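The values are calculated or read from the model by the stated rules, or taken from the named source; none is laboratory data. Every value quoted in this text rests on a predicted model; they were computed, and no experiment measured them. So basically every Cβ, Gly included, is an ideal-geometry build from the backbone, and we count neighbours across all protein chains shown.
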Amino acid sequence: MSRRIIGLTGGIATGKSTVSRFLADTYHIPIIDADLLARDAVSYGSPILKQISLRYDNSILLPDGTLNRKKLGEIIFSQPNEKTWLENQIHPYVRHQIQSILDETNELIIVIVIPLLFEAKMTDLVTEIWVIYCSYDEQIKRLVERDRISSDQAIIRIQNQWPIEEKMALADVILENSSTSEQLFKQIEQYYLKPPK
């Protein structure tokens, strides 16, 4: 059996965590979460956090010396150049960590959850691409509820990613998540048991 490295992506708040949890709980597949690696990249005392504090001064830090994520989010979602600068600091670290994990494990099936799979040019790390999507209105609603932000803020965050239609056009598997969890789980099982050719 050839190794399956599933790159799971999609729009923000479309259900990536739900899919990865189901695969981990049902089939005991190891999950690599790029968001967790990105958080590690800017953890207390890290070289990247030092670069961030040099760029924006120490006001970008909380009193305990950790990153003020809310303040950084306000900067990068309103200034595209700053978003690009930050991604250029974090993406190489995340890629290196993912590659190291892949090199160190013998698992035949692995899922890598990478919200910015296309944007960060990491498609070469995976053997198949799964894109999850839901309706635009549902995406806004979920993001507002999850992050406790306004609809306008949610729209800005959605627009900061590739359009979902572009991601779907490059997918090996498309998961539709506008209905029930049961419907979503049926789709996951179908594609897990019968991989795309």
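Here are some notes:
- Residue, surrounded by the most Cβ atoms within 10 Å (Cβ to Cβ), within region 159-194, restricted to residues that are over 16 Å from the mean Cα position of the chain (by Cα) and assigned to a loop (DSSP other than H, G, I, E, B): ASN177
- Within region 6-20, tally of residues that are in contact with an Asp or Glu (Cβ under 6 Å, 6 or more places away or on another chain) and surrounded by fewer than 22 Cβ atoms within 10 Å (Cβ to Cβ): 0
- Qualifying positions in region 120-146 - closer than 17 Å to THR18 by Cα, in contact (Cβ under 8 Å) with a residue 40 or more places away in the chain and not in a strand (DSSP E or B): CYS134, SER135, GLU138, GLN139, ARG142, LEU143, ARG146
- One residue alone among SER46, SER59, SER78 is hydroxyl-bearing (Ser, Thr, Tyr), under 20 Å from GLN153 (Cβ atoms) and out of contact with any Cys (no Cβ under 6 Å at 6 or more places or on another chain), and that residue is SER78.
- Of all residues assigned to region 21-37, at least one qualifies as being surrounded by 15 or more Cβ atoms within 10 Å (Cβ to Cβ), under 16 Å from LEU86 (Cα atoms) and either in contact (Cβ under 8 Å) with a residue 24 or more places away in the chain or not assigned by TED's automatic domain parsing to the domain that holds SER181 (or both).
- Qualifying positions in region 41-50 - surrounded by 14 or more Cβ atoms within 10 Å (Cβ to Cβ) and either more than 17 Å from GLY73 (Cβ to Cβ) or among the small types (Gly, Ala, Ser) (or both): ALA41, SER46
- Residues of region 135-191 classified as of a type in the set (Gly, Ala, Ser) and under 22 Å from GLY7 (Cα atoms), total: 5
- Considered as a group, the residues in region 120-158 that are among the hydroxyl-bearing types (Ser, Thr, Tyr) and either closer than 23 Å to ARG95 by Cβ or in the same structural domain as GLN79 (by TED's automatic domain parsing) (or both) include one that is farthest from the chain's Cα centre (by Cα), and that residue is THR127.
- Meets criteria (modelled with pLDDT under 95 and either among the hydroxyl-bearing types (Ser, Thr, Tyr) or outside the structural domain of LEU117 (by TED's automatic domain parsing) (or both)) for SER59: yes
- Criterion violated by LYS197 - all others in (1) at pLDDT below 90; (2) part of a loop (DSSP other than H, G, I, E, B); (3) surrounded by 12 or more Cβ atoms within 10 Å (Cβ to Cβ) satisfied: (3)
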